[in-house]
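Reviewing the structure listed below.
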Amino acid sequence: MADVMGPDLISDLPQSIIESILVQLPIRDAVRSSILSSKWRYKWASITQLVFDDKCVPFNNDREVVERSVVKFITRVLFLHQGPIHKFQITNSKLQSCPEIDQWILFLSRNGIKELVMELGEGEFFRIPSSLFNCRKLTKLELSRCELDPPHSFKGFVCLRSLNLHQVLISPDAVETLISRCPLLESLSLSYFDNLALTICAPNLKYLYLEGEFKDICLEDTPLLVEISIAMYMTDDIAEHFEQSSNCNFLKFLGGVPNLEKLVGLIYFTKYLSIGIDSVHLPIMYHNLETIELYQVNFEDTKEIIVILRMITSSPNLKELQISGSSNIPVAVDAPDLDFWEKGCVSDSALCKLKTVKLSEMGGWPHEIEFIKYLLCRSPVLETLSIIPCVFDMENNLKMLIELVKCRRASSRAEVIFIHE
């Protein structure tokens with residue numbers, strides 16, 4: 001047959017090249033390559049990356065049938081596999097908690113696993129077996145909708161560089177211990193955690209993503225952080241905890257991250273940073289910080305304004321600023337303290353590198369207008385200042401537009417753009 005069809009060049013390629021071809025295919029197609037010829041029967045069995053998504057088995061309207069097929073397929077692939085497995089990923093919405101997961105992870109722990117991603121479908125949380133903590137070569141771990149309980153004998157993942165926990169049931173102490181025992185950790189993502197007070201010790205951490213109900217967050221040993229994104233959800237208990245706190249949250253969270261390049265704060269983050277800020281001098285400068293994004297800022301709370309002002313004046317190389325106001329500001333604001341802008345708490349520092357500003361959900365309230373004036377008169381290289389007004393109060397929007405037309409600008413090129421969405 002080879003003489004008729006020509007030489008079989010692909011089958012004679014080195015195994016490493018064949019493997020690089022097979023890993024680009026969906027796992028189902030890679031396994032089906034075994035029917036090509038006797039030479040190909042077990043070519044797939046030594047690939048080091050196994051990814052099982054929603055397409056790894058044929059579609060069926062019966063969820064239970066699909067789930068049984070997925071379990072059977074994964075078990076068969078692992079049974080026939082030869083050699084190390086560096087990446088094992090399950091992102092299958094049909095698969096739920098099943099006893100076979102324990103066997104799979106035990107098998108992986110004995111085959112040099114480096115990247116493990118487990119994202120099952122909606123349903124009962126599955127419990128991660130203790131054999132996971134024997135995967136000493138792990139460099140990436142992503143877990144979703146599961147229970148995680150590190151044993152007391154656990155010494156850490158000494159090679160782990162990326163940790164992502166989404167809707168994971170784990171005790172607060174165990175989270176902190178897990179993080180502190182990953183000395184090479186560079187990227188950390190924790191989402192949908194409830195009522196958590198968290199202290200992070202990770203000397204090599206560069207990227208931090210947090211989302212959930214956090215009572216407190218302390219970055220104790222994170223000098224290399226370059227990017228932070230955080231969303232804080234508010235409950236009555238957490239709000240009461242905030243009111244009773246006397247510590248300076250700004251210093252606890254941002255007092256030890258001098259290499260920060262990008263900061264994104266969503267949902268109550270500015271409120272959190274404002275606790276205790278009025279009585280503390282900030283000794284740190286953020287020379288690498290070029291992008292700041294803060295959302296749902298309450299401009300009627302002067303402490304939140306202080307947070308913004310101290311951030312931008314402590315960032316001499318800031319280039320891009322995005323801020324959204326809070327829709328919770330009342331329709332009638334009683335006698336705002338506009339003397340605030342004449343007091344010593346407002347720095348005269350120029351924003352020498354700031355080029356782009358985007359302000360959204362602006363209602364035309366007095367402090368918002370004063371903040372915009374502050375930016376315009378202290379940004380000598382500003383190019384665009386975009387304003388997306390809040391749609392609920394057109395009268396205030398018109399007043400804001402009139403005020404801005406009269407405002408002095410430090411940059412002759414500064415363009416103020418009023419956008420109606």
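In terms of the Cα gyration tensor, with a ≥ b ≥ c the square roots of its eigenvalues, is the chain rounded because a/c is under 1.5, prolate because a/b exceeds b/c, or oblate? Prolate shape, in that a/c is at least 1.5 and a/b is the bigger ratio.
Grab the DSSP H runs of the chain that are 4 residues or longer, score each as -39,500 (n - 2.57), total them, divide by all residues and round the 222 nm result to the nearest 500 deg cm²/dmol.
Taking each H run of at least 4 residues, the total per residue is -7500 deg cm²/dmol.
Here the gap between Met285 and Glu320, fully extended at 0.36 nm per residue and compared with their Cα-Cα distance, gives a gain of 10.9 nm.
Based on protein heavy atoms only, the chain ends up with 49 Å² per residue of surface accessible to a 1.4 Å probe. Within a straight-line Cα-Cα reach of under 23 Å, Lys343 can be paired with the following lysines, leaving aside sequence neighbours fewer than 8 residues apart in one chain: Lys271, Lys303, Lys373, Lys406. Using C-alpha pairs under 8 Å with a sequence gap of at least 6, the mean separation divided by the residue count of the chain gives a relative contact order of 6 percent. The distance between label points at Val405 and Val51 comes to 5.5 nm (points 7 Å beyond Cα on the Cα→Cβ vector). For the chain, the longest principal axis of the alpha carbon atoms and the long axis of helix 63-80 meet at an angle near 60°. Rounded to the nearest 10 degrees, the angle from helix 302-313 to the longest Cα principal axis of the chain is 70 degrees.
Compared with the alpha-carbon gap, the fully stretched path from Lys262 to Asp173 is longer by 29.2 nm at 0.36 nm per residue. A Förster radius of 25 Å, combined with the Cβ-Cβ distance separating Phe79 from Val158, puts the computed FRET efficiency at roughly 0.25. Taking Cα atoms only, the orientation of helix 366-377 departs from the longest principal axis of the chain by about 80 degrees.
Distance from the C-alpha centroid of region 85-132 to that of region 164-219: 21 Å, rounded to the whole angstrom. Computed extension length for Cys377-Lys137: 81.0 nm, one decimal, from 0.36 nm per residue of separation with the Cα-Cα distance subtracted. Please check the chain for the longest run free of chymotrypsin sites (Phe, Trp or Tyr not before Pro) that are loop-located per DSSP (anything but H, G, I, E, B) and have at most 13 other Cβ atoms within 10 Å. Free of exposed loop sites, the longest segment is 60-391.
The values are calculated or read from the model by the stated rules, or taken from the named source; none is laboratory data. Note that the structure is predicted; figures quoted are calculated from it, not measured. So basically every Cβ, Gly included, is an ideal-geometry build from the backbone, and we count neighbours across all protein chains shown. Side chains are part of the model used for accessible areas, which takes the heavy atoms of the whole protein and leaves out ligands, DNA and RNA. Shrake-Rupley method; radii C 1.70, N 1.55, O 1.52, S 1.80 Å.
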